[in-house]
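A short write-up of the structure that comes next.
The values are calculated or read from the model by the stated rules, or taken from the named source; none is laboratory data. Only a predicted model underlies this, so the values are computations on that prediction, with no experimental measurement involved. Methodologically, a virtual Cβ is constructed for each residue, glycine included, from the backbone with ideal geometry; neighbour enumeration extends over all protein chains shown.
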Amino acid sequence: MDTLIAFAFALLVTFFFVWRYWRNSMSQSGQTPATIVCTRCGSETDSRAALCAHCRTPLSVWSGTSTFGAQSAPDQPRPRVNASLCIGCGACIEVCPEKGTLALVSGKAILANPDRCKVHGDCVTACPTSAIALLAGDAKQTMRVPETNADFESNIPGVFIIGELGGLGLIKTAINEGSRVAETIRKRLRQPADLPEHCFDVIVVGAGPAGLSAALSFHSYGINYCALEQGEIAATIRNYPRRKFLMEEPVEVPLFGKLVIEDSTKEALLEVWDQIVAQTGVRIATNQKAESITHWDQGEAFAVRTPGGIWLARYVVLATGKRGSPRKLEVPGEELSKVAYRLIEAESYDDCDVAVAGGGDSAIEAALALSRVGSNRVTLIHRGPEFARLRDRNRTRLFEAEQNSEITVLRNTRIAEIREESLLLESQQGVTQIKNDYVFVLIGGQSPEAFLEQIGVQMVERVVAA
């Protein structure tokens, strides 16, 4: 009897869901679904879709701009937050005179009460990553990115740009773009071309998620390729600024299969990355930073110049990421995964011994952000005697944080060695050792935009927040 009752209950539940699905389908029949325009390729696609039907770009990558409560007047400027840049430091909330206007939700700033905003603009000035803009009505927040078409090809025919360098930093998106650009180039290689000897079909610059995915695809197609990495293998992942990252669902990696990382840590991804390289035999030349890209003797081939020589290829895929080439300390232990060159999500660090190396605004802002979340113990390490080039606001905030023992500031000090659980520091007093879990090296670097403009890639403004 119990079995019969359980069966009847299961049948009833199944019938309910089938009926609701049928009713929704009938109610939507004959209606044309709303469409939206993809900001990456400009094509129209179903507004209910998660990905653009043409270029497969996520249609709602930039979140964090939601508001709660009353909506603002059409012509009234209001703060808009680019969640990909927001590090959750709370600086905007702290400086806003109208308390409760902004709030942190899931580690990102949002406009919680639009009616309270008096458009002082203090939040825009206070934001250390330029994640906030004051926009009115239907105005859009934009960012500079390379100009590319739906096939990821730049204004230079034969040069493709994928991954974070193209404007999107999601790992899954980068891997998908690598596969798609490889398929595009595979079709084009069927056309004959006049090429010099010792010329590759493709050179991939960068071996991060996008570059490795492209290289693996070329490897599986039997295409003559080589990937160039300016550092060691997986340097992009080792320098990843997040302690944890979002991997909502598995992603298909060419030649490897489904990439599943359960604990969502950088260390877990590094382990899988090394496994992929070892198992597939993908060809990556390390310590080969691309210094220039030019046409070879006015022909169809490109010449990629690196410290190791000149690499010729019919096509070039740029997957270097947006962080460019950060300046490094050049000390033992800097290759450890706990070292990063940018801070993204301060709230993911809690009850940690964190060191920030640098004397500029970015270093001070990162140190202040880390000191505000959880119960972190933050040490700011500066080679000079004073912080000479700070904005006045940062100078004041740093002084207050030091006076309140929120941050330990070490002047005339340099990091001599990075160890698994500590740092060796050198100063006029000698060598000391401090406990350490993470290190952020924020001492400047070279933006990839200068390199792109040098080789002739045009930059455009693309919408990043609606």
Going by the conditions given, is V431 within 25 Å of N376 (Cβ to Cβ), touching a Pro at 6+ places or on another chain (Cβ under 9 Å), in the same structural domain as E335 (by TED's automatic domain parsing) and not polar (S, T, N, Q)? no
Which of the residues spanning region 381-427 are out of contact with any helix residue (DSSP H, G or I) (no Cβ under 8 Å at 6 or more places or on another chain) and among the acidic types (D, E)? E386, D392, E400, E402, E417, E420, E421, E426
Hey, can you tell me all the residues within region 421-466 that are part of a strand (DSSP E or B), surrounded by 13 or more Cβ atoms within 10 Å (Cβ to Cβ), at pLDDT 90 or above and of a type in the set (V, I, T)? T432, I434, V439, V441
Does T184 meet the test of being free of Cβ contacts under 8 Å to residues at least 40 places away in the same chain, within 17 Å of T148 (Cβ to Cβ) and in the same structural domain as E153 (by TED's automatic domain parsing)? yes
Being under 27 Å from the mean Cα position of the chain (by Cα) and closer than 17 Å to A290 by Cα is the filter here; which residues of region 165-203 pass it? L165, V202, I203
Scan region 401-426 for residues that are closer than 19 Å to E334 by Cα and of a type outside the set (D, E) and jot them down. T413, R414, I415, A416, I418, R419, S422, L423, L424, L425
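Can you tell me which of E449, E417, E426 is acidic (D, E) and either assigned by TED's automatic domain parsing to the domain that holds S154 or under 30 Å from N155 (Cα atoms) (or both)?
E449
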Select from region 263-304 the residues that are aliphatic (A, V, I, L, M) and in contact with a helix residue (DSSP H, G or I) (Cβ under 9 Å, 6 or more places away or on another chain) and write down the one among them that is surrounded by the fewest Cβ atoms within 10 Å (Cβ to Cβ). L270
Yes or no: G231 within 22 Å of H295 (Cβ to Cβ), modelled with pLDDT under 95 and surrounded by 17 or more Cβ atoms within 10 Å (Cβ to Cβ)? no
Return the residues of region 389-412 that are assigned to a loop (DSSP other than H, G, I, E, B) and of a type in the set (S, T, Y); say none if nothing qualifies. S405
The lone condition A363 fails out of (1) farther than 23 Å from E330 by Cβ; (2) touching a residue at least 12 places away in the same chain (Cβ under 8 Å) is (1)
For V378, the lone unmet condition from (1) assigned to a loop (DSSP other than H, G, I, E, B); (2) closer than 24 Å to C86 by Cα; (3) of a type in the set (V, I, T) is (1)
Identify the single condition in (1) over 30 Å from G321 (Cα atoms); (2) in contact (Cβ under 8 Å) with a residue 12 or more places away in the chain that E400 does not satisfy, given that it satisfies every other one. (2)
Any residue at all in region 290-297 that's assigned to a loop (DSSP other than H, G, I, E, B), in contact with an Asp or Glu (Cβ under 9 Å, 6 or more places away or on another chain), over 14 Å from Y225 (Cα atoms) and not hydrophobic (A, V, I, L, M, F, W, C)? no
Among the residues of region 144-165, count how many are touching an Asp or Glu at 6+ places or on another chain (Cβ under 7 Å), surrounded by 17 or more Cβ atoms within 10 Å (Cβ to Cβ) and either modelled with pLDDT under 90 or outside any strand (DSSP E or B) (or both). 3
Taking interchain pairs and intrachain pairs at least six residues apart, which have beta carbon atoms under 9 angstrom, with the first residue in region 269-283 and within 25 Å of K338 (Cα to Cα) and the second β-branched (V, I, T) and at pLDDT 85 or above? I276/V282; V277/I284
Would you be able to tell me the number of residues in region 308-330 that are at pLDDT 90 or above, in a loop (DSSP other than H, G, I, E, B) and loosely packed, with under 15 Cβ neighbours inside 10 Å? 1
